[in-house]
Amino acid sequence: MSDLKLSFAMTPYDRVLPLINGEVKPDGITLEYQGMPGGVSRVFYDQMKFKRYDVSEMSMSSFLRMRSIRWPYRMLPVFHNRNFSYTSIQIRKGSQIKQNHPEDLKGKRVGIWDYQQSLGLWTRGILQMEWNVKPEDMVWYQERGEHFSHTGVSAEAGLQIPKSVQLNYSQVDFNTMLNNNALDATFGLSPGSGISHGSGLDRVQAESTELAELINLFSDPRKESIRFFKKTGVYPPHHTTVIRESILDEYPWVALSLIEAFEESKRIAIRRLYQSPPTLLVFGGFFLKDIADVFGPDPFQYGIKPNAKAIDMIQMFSVKQGLTNHKQPLDEIFPQEVIFMEERFK
């Protein structure tokens, strides 16, 4: 029997490279790797609007929103781009936001690439959970366009941002707004830059040659990230993996084959990392020990049960922020065979 051929778009993470380059092959499947045409944001946009790829990386926030209206993809519990995004909030000097005081964000003007994106969902959710700073407490400016954005695609599909949220679409780049004192803080911009870049959906470039003077809201992001992880046990996953539902309907075994391949690819990457840490990472061996002391031997665990707290938390945040109406049952999100596979896990 010949292999099932599936188009595949994903960032070439170190954990995924053995799968991309063919060193690891899913049983019964040939993955036809497409790269990431237009970058992460463009692939997500194309998936939401055009259903372009059979298997792809996907925003967790956008998946939850679109799946709530029966978007024809299901999630594999293979998570990517985990980070503590809220610790990367940048504040403008002179904004009257004091460092290490997230509560000072109330009443402030905040810039974000795309309101719906997972970075925004996690950041807003943690700010509300930890410091009672609610989304409606801030005035939002989105740099991506009203239509050419994840938020825009969802709106076309009938999913609106709550009316209590003040969302504006910026007409100039964020660096210009910051220099003109029109923004007080930004979510998700590169530290010290004040501008977004590198994405096919970033529709404007910096119009000012002088970068705005920004500082981190948290003076020690690493310490704050560890505090949150030790309190909650959650290392927030921003991206997941999705597969076309019609493929699962016809070939339900595909889900398990793919998960096994992703697991094997990750095992190879972890083994190589410990055997030969990147030479440019000075004291790399010590850094790896520090990471293992906090997160254990595998910070990027796959599976539903190992990620149950994170899955529940992001669904709770999505509902609280009015992006989805209810927490979706696991059997509406994941392939049935994946749920069956994990029945034996305690």
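The values are calculated or read from the model by the stated rules, or taken from the named source; none is laboratory data. Model, not experiment: these values are computed from the prediction. Counting neighbours? That spans all protein chains shown, and the Cβs are built from the backbone with ideal geometry, glycine included.
Within the stretch 161-174, restricting attention to residues that are over 12 Å from residue 112 (Cα atoms) and over 20 Å from the mean Cα position of the chain (by Cα), the residue that is surrounded by the most Cβ atoms within 10 Å (Cβ to Cβ) is 165.
Just to verify a result, which residue in the stretch 33-64, among those that are in contact (Cβ under 8 Å) with a residue 40 or more places away in the chain and acidic (Asp, Glu), is nearest to residue 154 (Cα to Cα)? Of everything passing the filter in the stretch 33-64, 57 is nearest to residue 154 (Cα to Cα).
Taken as a whole, the structure places residue 272 among residues that are among the charged types (D, E, K, R), surrounded by fewer than 19 Cβ atoms within 10 Å (Cβ to Cβ) and closer than 27 Å to residue 40 by Cβ. Among residues of the stretch 90-145 being of a type in the set (Asp, Glu) and surrounded by fewer than 23 Cβ atoms within 10 Å (Cβ to Cβ), the one that is farthest from residue 63 (Cα to Cα) is 104. For the stretch 45-94, residues that are out of contact with any Phe, Trp or Tyr (no Cβ under 9 Å at 6 or more places or on another chain), part of a helix (DSSP H, G or I) and closer than 27 Å to residue 185 by Cβ total 1. Restricting to the stretch 1-22, name every residue that is within 17 Å of residue 51 (Cβ to Cβ) and among the hydrophobic types (A, V, I, L, M, F, W, C). Across the stretch 1-22, the qualifying residues are 6, 8, 9, 10.
The residues of the stretch 1-47 that are within 16 Å of the chain's Cα centre (by Cα) and of a type in the set (Phe, Trp, Tyr), listed by number, are 13, 44, 45. On the stretch given as the stretch 91-121, residues that are hydrophobic (A, V, I, L, M, F, W, C) and touching a His at 6+ places or on another chain (Cβ under 7 Å) total 1.
If you go through the stretch 289-314 and keep only what is more than 26 Å from residue 273 (Cα to Cα) and surrounded by 18 or more Cβ atoms within 10 Å (Cβ to Cβ), you end up with 311, 313, 314. Looking at residue 328, is it surrounded by 15 or more Cβ atoms within 10 Å (Cβ to Cβ) and more than 20 Å from residue 16 (Cβ to Cβ)? Judged against the criteria, residue 328 is a match. The condition (being at pLDDT 95 or above, of a type in the set (Lys, Arg) and touching a Pro at 6+ places or on another chain (Cβ under 7 Å)) is satisfied by just one residue among 67, 42, 15, 74: 74.
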